[in-house]
1. Using modelled amide H (1.01 Å from N, peptide plane; none on Pro or chain starts), what sits under 5 Å from the amide H of ILE160, excluding residues fewer than 5 places away?
2. Give a residue-ordered list of calculated ³J(HN,Hα) values for the stretch 282-296 (Karplus: 6.51 cos²θ - 1.76 cosθ + 1.60, θ = phi - 60°; whole Hz; x for Gly, Pro).
3. How would THR194, THR226, THR251 line up by accessible area, probe 1.4 Å, largest first?
4. Quick one: if you stick a label point 7 Å off each Cα along the C-beta vector at ARG43 and GLU278, how many nm between them?
5. Provide the net charge surrounding GLU259, with neighbours chosen by a C-beta distance below 10 Å and charges set as Lys +1, Arg +1, Asp -1, Glu -1.
6. Leaving out ligands, DNA and RNA, what percent of the accessible area of the stretch 196-328 is carbon and sulfur, probe 1.4 Å?
7. Heavy atoms of the protein only, probe of 1.4 Å, neighbouring chains included. What is the accessible area of ARG295 in Å², nearest 10?
8. May I ask you to give the percent of accessible area on the stretch 101-163 that is carbon plus sulfur, with a probe radius of 1.4 Å?
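The values are calculated or read from the model by the stated rules, or taken from the named source; none is laboratory data. Values in this document were obtained by computation on a predicted structure and should not be read as measured data. Don't worry about glycine lacking a Cβ; one is built from the backbone with ideal geometry, like all the others, and counts go over all protein chains shown. In case anyone asks, the SASA skips ligands and DNA or RNA and just uses the protein heavy atoms, side chains included. Shrake-Rupley method; radii C 1.70, N 1.55, O 1.52, S 1.80 Å.
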Amino acid sequence: MKTLSVPLSVLLSSLSLFQTSPGHAQEIVPFTPKDERKLLGPRYEGRLVPLAPMNQISEAGLEAEPLVFIHGRQGSIKNFTQLLLNTPKFTDYQLYYFAYDDLHRSLKRSAGDLALSLLKLKVSRITIIAHSMGGLIARETLNTLSRAGHTELLPEIRVISVDSPWQGGSSINCKHKGANLDEMVEYFMPAALTDMRSCSDFFQNLYSVSWPEQFSMELYFAQHGTQALDHSEAPINRLPAKIASLFTDNTPMKGSLYEMNFWNAISTSSQYPGFVNELSALHEHQKITAADVSRLLEKHYPRFPGDHASVLKAHPQAELDLPKYLQTIL
């Protein structure tokens with residue numbers, strides 16, 4: 001893989017993060033959107049950046065499984081500082097950061113950039129941790145690779161998404177989708193924001209691609225905040241009752257754009273078979289209620305302490321937070 005010549009002071013100040021205990025690691029220095037743009041390709045395409053100078057990575061590190069971090073809207077590598085400091089398991093991986101234009105470049109094009117970068121790694125297994133909008137890019141990356149064919153030659157890719165807005169962004173004026181005025185509005189919107197609309201072409205196709213068996217997507221959420229909705233928050237909080245009706249009465253799943261986008265996300269996730277198995281076993285003995293569905297959603301799609309941003313940090317008072325959970329599943 002061709003490596004970048006980048007100001008690594010912008011990323012991690014040294015390899016101490018990977019060579020010593022997390023408590024002695026140095027934090028990421030101030031990082032601005034201007035710094036992020038310096039990491040992009042000549043046409044502002046997204047690039048994979050190693051989180052250490054390549055000449056300082058040991059031979060064992062080069063052979064380690066890649067783990068890629070993807071930030072969300074208006075984010076950067078700084079969003080993952082506390083996660084890096086509080087998850088010792090990361091030392092088992094060769095870490096990369098996907099730098100991309102999260103405003104002016106469409107999510108589909110960023111996903112294409114990431115797909116190409118992953119193939120250049122030429123490895124058999126890759127793990128991705130994607131926060132917020134980064135989860136949407138990661139999912140579309142799997143779609144892009146699947147559409148390309150020859151899936152038997154693709155690596156195993158595991159995506160761990162954290163508080164991603166699977167419902168989509170604003171649905172205002174979506175009833176006018178396709179009208180001349182709506183198309184004019186989209187023309188003047190930044191590409192990434194256009195894709196984030198819950199009725200966008202991007203969202204209409206996001207859940208339509210079948211993946212090969214070596215691809216997987218896991219969904220996790222924050223306990224607070226409304227940037228990324230979960231099953232307990234309006235207007236998606238009606239979804240558990242609809243899932244109960246689906247299993248007990250075979251009522252077809254119908255709902256708002258938010259509900260259907262979210263339903264499509266969870267029903268194609270790697271946790272869904274386990275969720276369905278428990279619901280089916282419960283249905284053999286009793287009628288499933290919305291409360292039953294909510295309890296199992298909470299079990300299979302955990303919500304961790306914090307809001308949209310702080311969910312990535314350690315919460316020492318909590319029995320289980322995201323860094324502790326990652327320690328158990330990586």
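1. The list, which skips near neighbours in sequence, is ILE128, ILE129, ALA130, GLU218.
2. Along the stretch 282-296, the couplings run 5, 5, 5, 10, 7, 6, 6, 10, 4, 5, 4, 5, 4, 4, 6 Hz.
3. Reading off the accessible areas and sorting them downward yields THR226, THR251, THR194.
4. Here the modelled spin labels are 4.6 nm apart.
5. In short, +3.
6. Roughly 51 percent, rounded to a whole number.
7. Around 130 Å² of this residue is reachable by solvent.
8. Values: 1220 of 2210 Å².
Answer for the stretch 101-163 is 55 percent, counting heavy atoms of protein chains only.
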